[in-house]
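The values are calculated or read from the model by the stated rules, or taken from the named source; none is laboratory data. Small disclaimer: the values here were computed from a predicted structure and weren't measured. Reconstructed Cβ throughout: ideal geometry from the backbone, glycine too, with neighbour counts over all protein chains shown. To get the accessible areas, we keep the full protein, side chains included, count just its heavy atoms, and leave off ligands, DNA and RNA. Shrake-Rupley method; radii C 1.70, N 1.55, O 1.52, S 1.80 Å.
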Amino acid sequence: TKVPQINTLVIPYGNRSIITLSDSSTVWLNAGSRLIYPSKFVDKTREVYLVGEALFDVKKNDNQPFIVKTSDVKIAVKGTRFNVSAYSEDYSVQTALIEGSVEVYRINAGLFEKGVNITPGQMAYFNKKSKDTKVINVDVNKYILWTKGLYNFSNTELNRITKQLERYYNIKFKYEDPFYGTIQITGKLDVSQNMSEVLEYLSKLTGLEITEINERQYVIK
């Protein structure tokens, strides 16, 4: 048999993409993400490597488990639909399960270390600093809205939202006062709309002024 090629799909900021793998599993990739995958799965496991955020719809195959690796965690999959957010600049890796079942392990887990099992409607939140994984109940639909260009957030720090907008539109925000980044806001953004309308709405939500310095840079004051 031919040795499979290792492919790397890089999604630049300002873009998103959908890919179908050789086993018919589908992956939606968010802006600023990278997926490394073989042209054909020939090993005992089907392994892919993710940097960034992706929604996986995995074809069930009990004889060949599907595994998603990030720099911090390994997610063993039974045939299922789940979202993984593993951007290198974030403090956490978040795995939200829509259907099926997954098990989340630390990348350098010891031989006898148990993985964390989650069921649909739960999220495994891996803290990169403490190396702990917490399981929380969430509305998983909120975590896949990005595939439709929608962002829904509740009591979310502004700097987390501006980070997502930076990836989506390929722009940069600068805070006049770093404290503004910690303001918590609740709302919904439809980023598929005109960018200026989205920034205007964000400005209304926060009560802060968002000023354009140039096409790619904005200051929040």
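In table form, for the structure just shown:
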read-out	value
Among residues of the range 47-86, those that are buried (at least 21 other Cβ atoms within 10 Å of the Cβ), closer than 20 Å to T20 by Cβ and not hydrophobic (A, V, I, L, M, F, W, C), counted	3
In the range 101-129, residue surrounded by the fewest Cβ atoms within 10 Å (Cβ to Cβ) [restricted to those that are modelled with pLDDT of 95 or more and among the small types (G, A, S)]	G121
Tally, over the range 137-173, of residues that are outside any helix (DSSP H, G or I), surrounded by 12 or more Cβ atoms within 10 Å (Cβ to Cβ) and in contact with a strand residue (DSSP E or B) (Cβ under 8 Å, 6 or more places away or on another chain)	11
Test for T211: is it farther than 22 Å from N155 by Cα, modelled with pLDDT of 90 or more and open to solvent by less than 80 Å² (accessible area, probe 1.4 Å)	yes
Candidate set: the range 87-100, residues that are among the hydroxyl-bearing types (S, T, Y) and part of a strand (DSSP E or B); chosen: the one surrounded by the fewest Cβ atoms within 10 Å (Cβ to Cβ)	S92
